[in-house]
Amino acid sequence: MSRKQVFQFLELPRQMPQRIPLELRTNGDWGEMYGKFALPEAQHQAGRCLDCGNPYCSWKCPVHNAIPQWLQLVQENRIEEAAALCHTTNPLPEMCGRVCPQDRLCEGSCTLEDGFGAVTIGAVEKYIVDAALEKGWRPDLSEVVATGRRVAVIGAGPAGLACADVLARNGIHAVVFDRYEQIGGLMQFGIPSFKLEKSIIARRREVLEGMGVEFRLGVEIGKDLGIEDLLADYDAVFLGTGAYRYTDGGLPGQDLKNVLPALPFLVQNGRIVGGNDPWGRPIAGWEDTIQLPDMAGKRVVVLGGGDTGMDCVRSAIRLGAAKVTCAYRRDEANMPGSAREVANAREEGVRFLFNRAPLAIEGEDDLVTGVRVVETRLGEPDARGRRSAVPIEGSESLLEADIVIIAFGFSPTVPEWLAAQGVQGSPNGRIVVSGSLAEEEGRLPFQTTNPKLFAGGDAVRGADLVVTAVAEGRDAAGSIARMLLD
Ligand SMILES: Cc1cc2nc3c(=O)[nH]c(=O)nc-3n(C[C@H](O)[C@H](O)[C@H](O)COP(=O)(O)OP(=O)(O)OC[C@H]3O[C@@H](n4cnc5c(N)ncnc54)[C@H](O)[C@@H]3O)c2cc1C
Ligand code: SF4
């Protein structure tokens, strides 16, 4: 590598793709906020990589992408080879490039992050895959030999899609069932279009179908079709059913009108934005459908500081709310949401109130008027190492609000139909699977307590990330392939 290339980071600053102007974002533009690199910009940013010899970025990436190697291919304008390399570790690279909290993962570990600004790894990953797919590149499965094995995948979220991809690459026919009529799980029905446009998911469906993956959508297992039918008809079953149990804060007043649970709000709004249901009719397969109040000119308070809370505040801004406040019980450093999303929300006009815990939602004539909060200070770390929020006596106040959105998070549950098949759950509702040392006990990683059933993603680890669901779906598929083919 020439001296000029090695020190490119000194001449070229870190740069993200151009963003949609603020005035459009705050006036109801739902398009993806970040634009796309053209080849020269992607090459400039890729050229900032130091190739530091110990790729911390790859280690921190949950799927261990070969980041320095595909950055080098971008510099050499070998985009299709870069796309093929991306797909060896991640079946959804264009999604991860868009929604991963890179500041906590690959980019947070980039050597240049300390003083010069990390390589924009996520944006280059998005560029590689978008550009290759637009040129007509598709994963090459011409060498794959069909094995005659068949596996049912329950859930078309990132875990299920990643599992199906690896199965297809091993010559195993994957049939993916989902209760919704579109694939993507929370990427489709949860993450708003300003982070991930839904046409990207539709394109990925075509790619997977081209690889031989079959989708049976609008079919809920346990209701429309029994798990025992799948166990009889398929060689194995993968459970990528996600985490949908709403964390109930038990706040007095939470049943008042205009108190909205976060996910139904985002799902319903996403449908309206997508043009599917401007009248707020029930969504197929979504029992908690809600009527959305008009947010224009209203004061909106969002309770919770995770990714879901950030999506709610930024959606409320786009819906024309006059004042949007996020109240979170810990400080900013302990907030679970991505720092980049918090910065974007701030820029769009969201006000953050840290160290405020909600006590009750107040109202008049059934309508919300505000949230009673108490100030907090950070106490001792809990079992997971997160410091608790300790209320400060005498510091109560009222946050005035016309609409309150509750975004306290989600956890999984093990449905009865799974428990009846011998699948064990943990006390917090996660499906129990064997760990990486399972083989010593004659079991395979991600195998449940029923040897024919495997699981991964939010259903196993609790609500987390797209990329960790992808990692587990892939690893579970590897175990299934070993069970069926070795
Ligand atoms: C609002 C919101 C914003 C988020 N933002 C981000 C972000 O910016 N970045 C990020 O990395 N992560 C984000 N996440 C988290 C991420 O979306 C999830 O961690 C990820 O989607 C989990 O993948 P999964 O495949 O395990 O589950 P899911 O994506 O939940 O998919 C599970 C699928 O299983 C289906 N299913 C369940 N039960 C059945 C059944 N009985 N029969 C048939 N189908 C069934 C469901 O319909 C669903 O499609 C966000 C989550 C939310 C809620
Ligand atoms: S998958 Fe996510 S963590 Fe890994 S390189 Fe891509 S953006 Fe970074």
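Within the range 461-486, residues that are over 21 Å from residue 338 (Cα atoms) and assigned to a helix (DSSP H, G or I) have Cβ atoms under 9 Å from residues that are of a type in the set (Phe, Trp, Tyr) and open to solvent by 20 Å² or more (accessible area, probe 1.4 Å) in these pairs: 472/446; 473/446; 475/446; 476/446; 477/446; 478/446; 479/446; 480/446, counting only partners at least 6 apart in sequence or on another chain. Residue under question is residue 443, and the condition is that it be assigned to a helix (DSSP H, G or I), more than 16 Å from ligand 2 (Cβ to nearest atom) and farther than 26 Å from residue 188 by Cβ; does it hold? So residue 443 fails the test.
So that you can scan it fast, the table gives a plain yes or no per residue for (1) among the aliphatic types (A, V, I, L, M); (2) touching a Lys or Arg at 6+ places or on another chain (Cβ under 8 Å); (3) assigned by TED's automatic domain parsing to the domain that holds residue 263:
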| site | (1), (2), (3) |
| --- | --- |
| 309 | no, no, yes |
| 324 | yes, yes, yes |
| 331 | no, no, yes |
| 337 | no, no, yes |
| 348 | no, yes, yes |
| 355 | no, yes, yes |
| 383 | yes, no, yes |
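Scanning the range 55-74 for residues that are near ligand 2 (Cβ under 10 Å from one of its atoms), more than 17 Å from residue 94 (Cα to Cα) and open to solvent by 40 Å² or more (accessible area, probe 1.4 Å) gives a single hit, 60. Residues in the range 101-129 that are open to solvent by 20 Å² or more (accessible area, probe 1.4 Å) and either of a type in the set (Val, Ile, Thr) or without any contact (Cβ under 8 Å) to a residue 24 or more places away in the chain (or both): 111, 113, 114, 115. Would you say residue 98 is within 25 Å of the chain's Cα centre (by Cα), more than 16 Å from ligand 1 (Cβ to nearest atom) and open to solvent by less than 40 Å² (accessible area, probe 1.4 Å)? Judged against the criteria, residue 98 is not a match.
Please find, within the range 101-119, the residue that is farthest from residue 65 (Cα to Cα) out of those that are within 16 Å of ligand 1 (Cβ to nearest atom) and part of a helix (DSSP H, G or I). Quick ask: steps written out before the conclusion?
Of the range 101-119, the ones within 16 Å of ligand 1 (Cβ to nearest atom) are 101-108.
When the remaining residues are screened for being part of a helix (DSSP H, G or I), the result is 107-108.
Working: 107: 12, 108: 15 Å.
Filtering the range 101-119 for residues that are within 16 Å of ligand 1 (Cβ to nearest atom) and part of a helix (DSSP H, G or I), the one farthest from residue 65 (Cα to Cα) comes out as 108.
Taking the conditions (1) of a type outside the set (S, T, N, Q); (2) farther than 26 Å from residue 163 by Cβ; (3) open to solvent by less than 40 Å² (accessible area, probe 1.4 Å); (4) free of Cβ contacts under 8 Å to residues at least 24 places away in the same chain in turn, residue 11 satisfies each one other than (3).
Would you be able to tell me the number of residues in the range 123-163 that are part of a loop (DSSP other than H, G, I, E, B) and either within 16 Å of ligand 1 (Cβ to nearest atom) or on the phi < 0 side of the Ramachandran plot (or both)? Explain how you work it out, then say what you get.
Going residue by residue through the range 123-163, those that are part of a loop (DSSP other than H, G, I, E, B) are 135-149, 155-157.
From the residues that got through so far, the ones that are either within 16 Å of ligand 1 (Cβ to nearest atom) or on the phi < 0 side of the Ramachandran plot (or both) too are 135, 137-147, 149, 155-157.
Within the range 123-163, residues that are part of a loop (DSSP other than H, G, I, E, B) and either within 16 Å of ligand 1 (Cβ to nearest atom) or on the phi < 0 side of the Ramachandran plot (or both) number 16.
Each residue in the range 38-54 was checked for being within 16 Å of ligand 2 (Cβ to nearest atom) and part of a helix (DSSP H, G or I), and 3 pass. If you go through the range 88-102 and keep only what is within 10 Å of ligand 2 (Cβ to nearest atom) and out of contact with any Leu (no Cβ under 8 Å at 6 or more places or on another chain), you end up with 89, 90, 93, 96, 97, 102.
Among the residues that make up the range 160-175, is at least one of them within 16 Å of ligand 2 (Cβ to nearest atom), of a type in the set (Asp, Glu) and open to solvent by less than 10 Å² (accessible area, probe 1.4 Å)? Yes, because at least one residue in the range 160-175 is within 16 Å of ligand 2 (Cβ to nearest atom), of a type in the set (Asp, Glu) and open to solvent by less than 10 Å² (accessible area, probe 1.4 Å). Residue selection: residue 401 satisfies the criterion of being open to solvent by less than 20 Å² (accessible area, probe 1.4 Å) and assigned by TED's automatic domain parsing to the domain that holds residue 378. Residues of the range 213-235 that are within 23 Å of the chain's Cα centre (by Cα) and β-branched (Val, Ile, Thr): 213, 219, 221. Would you say residue 85 is touching a helix residue (DSSP H, G or I) at 6+ places or on another chain (Cβ under 8 Å) and open to solvent by 20 Å² or more (accessible area, probe 1.4 Å)? In short, yes.
If I ask for residues that are more than 13 Å from residue 387 (Cα to Cα) and open to solvent by 10 Å² or more (accessible area, probe 1.4 Å), which ones from the range 319-336 would you list? Even if it seems obvious, please write down each step before you answer.
Restricting attention to the range 319-336, the residues satisfying the condition of being more than 13 Å from residue 387 (Cα to Cα) are 319-328.
Scanning the range 319-336 gives 319, 320, 321, 322, 323, 328.
Residue-level check: of (1) touching a helix residue (DSSP H, G or I) at 6+ places or on another chain (Cβ under 6 Å); (2) without any contact (Cβ under 8 Å) to a residue 24 or more places away in the chain, residue 383 misses just (1). Scanning the range 289-344 for residues that are polar (S, T, N, Q), under 15 Å from residue 266 (Cβ atoms), within 16 Å of ligand 1 (Cβ to nearest atom) and more than 17 Å from the chain's Cα centre (by Cα) returns a single hit, 289. For the range 443-459, the count of residues that are more than 25 Å from residue 485 (Cβ to Cβ), out of contact with any Ser or Thr (no Cβ under 6 Å at 6 or more places or on another chain), among the hydrophobic types (A, V, I, L, M, F, W, C) and open to solvent by less than 20 Å² (accessible area, probe 1.4 Å) is zero. Evaluate the range 63-75: report whether one residue or more is more than 16 Å from ligand 1 (Cβ to nearest atom) and under 19 Å from residue 184 (Cβ atoms). Looking through the range 63-75, none of the residues is more than 16 Å from ligand 1 (Cβ to nearest atom) and under 19 Å from residue 184 (Cβ atoms). Those strands (runs of 3 or more DSSP E) of the range 195-261 in which 2 or more residues are farther than 30 Å from residue 134 by Cα occupy 236-239, 259-261.
The values are calculated or read from the model by the stated rules, or taken from the named source; none is laboratory data. A quick note: this is a predicted structure, and the numbers were derived from the prediction, not measured. In this analysis, Cβ positions are derived from the backbone assuming ideal geometry, glycine residues included, and neighbour counts consider all displayed protein chains. For accessibility, only protein heavy atoms count, side chains too; no ligands or nucleic acids. Shrake-Rupley method; radii C 1.70, N 1.55, O 1.52, S 1.80 Å.
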